[in-house]
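Here the structure is laid out as structure tokens; the discussion comes afterwards.
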Amino acid sequence: MEQINVEEIMDQIRREIKEKGLSSEMLSFDDISMGGSDKGPSEFDLAYFEDKINQVNQGYFVPVIRFYSGNPIKVLIKKIIRKINSCYIVPIMADQNKYNETLMHVANQMELYIEQNEKEKEALKKRIEELEREKA
Amino acid sequence: MRVIQLLTTISYGDAVGNDVLAMDASLKKAGYDTCIYAENIGKRIPSGAAKHVSKMPETDDGDVIIYHLSTGTDLNYRLPEYRGKKILVYHNVTPHTYFSGYSQIAWQLCRDGRNGARFLADKIDYCLADSEYNKEELCEMGYRCRIDVLPILIPFDDYRKEPNRKTLEHYSNDGYTNIIFTGRIAPNKCQEDVIAAFCQYHRYYNEKSRLMLVGNYEGMESYHERLVKYAEMLGIKESVIFTGHIGFDEILAYYRAADLFLCMSEHEGFCVPLAEAMFFDIPIVAFDSSAIAYTLGGSGFLLKKKDPLETAGVIDHILKNDSIRDSILQGQKARLEDFRHEVIEERFLACLKDFIGDDNEK
């Protein structure tokens, strides 16, 4: 059975891509919004909360420029419309991102507050257990 | 001595369900007194094949419980209460972070599943892991008992059944190249990366191509919606087929119509679809993650990084180059021999006999 040389094939493919001038630019899956169907748990869940804070930290900044793909004429029209609207859209996006950043800081502070409280709670619990043991 | 298989849910057609039923048949053939007990029994499980866990008789120290772990359940924490020797069959639990933002239920079940697996680390006598990757995970979780690797028992005879004629005729011999990926629509399987690579292939190499994503999206509707939107925004909506939940004969038809199997999954405990693609003689291109390399065993074409354009180049290269395609298929055929039912069945029974023998000597 002939073994295939994966690296050799990959090198050849990369050379061909370069020679043909193919572009790797494309719309990222990250640019597709997740939608809001996940309602979350009905009670406070610390791990869920931390996971959402993580998502906020990763996703608070919304880029103004998006990559367009598909029909070249449609892409051109979209770019022209974007250019025309930029004097209106860009300042609004800047304000929105500033607000998002503020909320992100608030969320992070809340997380720190909860962490601190949890530590104090644990320390108090231990102290109560010690006192109960001493009493006994 | 009884050998009891225990698990939370047994469903017809999924990898764990197939494994349990196949083990049951093997155990009965070898003369063991055996039964399957589960908390949830799928409607299509043959009547009498499994009983509800509430009907499980009290076990004694001489019995063997084979516990299949693949998700979160209270059963993970109740297992130590049952008397008898315990064998864990670890099918892996998807890391919960993949479901963040898509499904709170899946997120919680997976998180609880991994916590449950960790809880059982010092309460199990012997482990069977579907892959080396699963074995390594068990070691990382603190398992110190003997762990053997035993691939999933796959019902290859079922794949010889008649495919759905209508589906097969619709997608075959029309001059189109069919790229396939089978598996539940789930974030850990990264169908978005399959779509991205297909997009580049469709755009730069072959406009007469289609991508068939064969898999159920129940419970993952928001992820599925996002994938559909992605395909639409890329301008390839008409070339990407989301089959959703379909009958087995239709799955067979999609496999038979496929020209190449593309897997970009980031987490798999074994990945039965790879063995299926090998069975149907479809060259495999797969991203090297989790158990993928183990299951391929040196066959297929393993990608070290996810680059949609390079992956598209690989697809084109394989499909246009007969000698490379044939080499890949030869390698896959050889690897498939390791998953033959008789081979795995023999190993399973030998492992069990060894374990019972070892334990009796102790």
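The values are calculated or read from the model by the stated rules, or taken from the named source; none is laboratory data. This structure is a prediction, so every number in the text was calculated from the model and none was measured. Note: ideal-geometry Cβ built from the backbone for every residue, glycine included; neighbour counts use all protein chains shown. Accessible surface areas use protein heavy atoms only, side chains included; no ligands, DNA or RNA. Shrake-Rupley method; radii C 1.70, N 1.55, O 1.52, S 1.80 Å.
I'd like the mean, over residues of A:45-52, of how many other protein chain beta carbons sit within 10 Å of each residue's own Cβ.
Values: counts 4, 0, 4, 6, 0, 0, 7, 2.
Mean partner shielding for this stretch: 3.
Can you give me the distance in nm between label points at residue A:103 and residue B:146, each placed 7 Å from the Cα along the Cα-to-Cβ direction?
5.7 nm
Go through A:20/A:83; A:78/B:237; A:18/B:237; B:208/B:320; A:20/B:320 and tell me which ones have a Cα-Cα distance over 24 Å in this structure.
Table pairs above 24 Å Cα-Cα are A:20/A:83; A:18/B:237.
Percent relative contact order of chain B, based on C-alpha pairs within less than 8 angstrom and at least six residues apart?
14 percent
Pull out the extension gain between residue B:55 and residue B:304, defined as 0.36 nm times the separation in residues minus the alpha carbon to alpha carbon distance; nm, one decimal.
Gain on extension, residue B:55 to residue B:304, equals 84.8 nm.
Pairing the Cα long axis of helix B:248-257 with the longest principal axis of chain B, what angle in degrees results, from 0 to 90 and rounded to the nearest 10?
Orientation of helix B:248-257: about 40 degrees from the principal axis.
Separation between the residue B:337 and residue B:74 pseudo-spin-labels, each 7 Å from Cα along Cα→Cβ, expressed in nm?
It is 5.0 nm.
Any idea of the total accessible area buried by the A-B contact, 1.4 Å probe, rounded to 100 Å²?
Buried: approximately 3300 Å² between B and A.
By how many nm would the segment from residue B:246 to residue B:176 grow when fully extended, if each residue of separation counts as 0.36 nm and the alpha-carbon distance is taken off?
23.0 nm
Tell me, what is the FRET efficiency for residue A:89 and residue A:18 to the nearest 0.05, using R0 = 45 angstrom and their Cβ-Cβ distance as r? All intermediate terms of the calculation are to be shown ahead of the outcome.
Values: r = 36 Å, r/R0 = 0.80.
The pair residue A:89/residue A:18 has a calculated efficiency of 0.80.
Long-range amide H contacts for residue B:145: which residues qualify at under 5 Å (H placed 1.01 Å from N, peptide plane, sequence gap of 5 or more or a different chain)?
Result for residue B:145 returns nothing.
Amide H to amide H, which residues 5 or more places from residue B:263 or on other chains are under 5 Å from it, using H placed in the peptide plane?
Long-range HN contacts for residue B:263: B:285, B:286, B:287.
Enter the Cα centre distance for the pair the range B:101-176 and the range B:177-245, rounded to the nearest angstrom.
Centre-to-centre distance over Cα atoms comes out at 22 Å.
Per residue of the protein assembly as shown, what 222 nm ellipticity follows from adding -39500 (n - 2.57) for every DSSP H run with n ≥ 4, rounded to the nearest 500? Before the final figure, lay out each step's value.
On the way: 16 runs with 243 residues, N = 498.
Calculated from helices alone, the mean residue ellipticity at 222 nm is -16000 deg cm²/dmol.
What is the extension gain from residue B:169 to residue B:43, computed as 0.36 nm multiplied by their sequence separation minus the C-alpha to C-alpha distance, in nm to one decimal? Write out the running numbers ahead of the final one.
Numbers: separation 126, 0.36 × 126 = 45.36 nm, distance 3.07 nm.
This chain segment gains 42.3 nm when fully extended.
Using alpha carbons only, how many degrees (0 to 90, rounded to 10) separate the axis of helix B:104-119 from the longest principal axis of chain B?
Helix B:104-119 and the main axis of chain B meet at about 40 degrees.
If Lys and Arg each add +1 and Asp and Glu each add -1, what is the summed charge of the other residues whose beta carbon sits under 10 Å from the beta carbon of residue A:67? Intermediate values should be presented prior to the final figure.
Numbers: positive: A:66; negative: A:25, A:31.
In short, -1.
Please report the carbon-and-sulfur percent of the accessible area for the range B:4-65; probe 1.4 Å, protein heavy atoms only, DNA, RNA and ligands left out.
49 percent
Carbon and sulfur: what percent of the range B:68-173's accessible surface (1.4 Å probe)?
The C+S portion of the solvent-accessible surface of the range B:68-173 is 46 percent.
Put a dot 7 Å past each Cα toward the Cβ at residue A:6 and residue B:160; how far apart are the dots in nm?
Label at residue B:160, label at residue A:6, 3.3 nm between them.
Can you give the angle from 0 to 90° between the axis of helix A:6-20 and the longest principal axis of chain A, with both taken from C-alpha atoms, to the nearest 10?
Helix A:6-20 and the main axis of chain A meet at about 60 degrees.
Taking all protein chains in place and a 1.4 Å probe, what share, in percent, of the accessible surface of chain A do carbon and sulfur account for?
Roughly 56 percent of what the probe reaches on chain A is carbon or sulfur.
Looking at the range B:176-220, what % of the alpha carbon pairs are farther apart than 12 Å?
Cα-Cα pairs of the range B:176-220 separated by over 12 Å account for 61 percent.
Which cross-chain or sequence-distant (5 or more) residues have an amide H under 5 Å from the amide H of residue B:66, H modelled 1.01 Å from N in plane?
Long-range HN contacts for residue B:66: B:4, B:5, B:6, B:87.
Under 18 Å from a point placed 7 Å out from the Cα of residue A:31 along the Cα-to-Cβ direction: which residues of the range B:208-233 have their backbone N that close?
Counting backbone N atoms under 18 Å from the label point, the list is B:226-233.
Just read off the accessible area of residue B:141 with the full protein assembly in place, 1.4 Å probe, to the nearest 10 Å².
30 Å²
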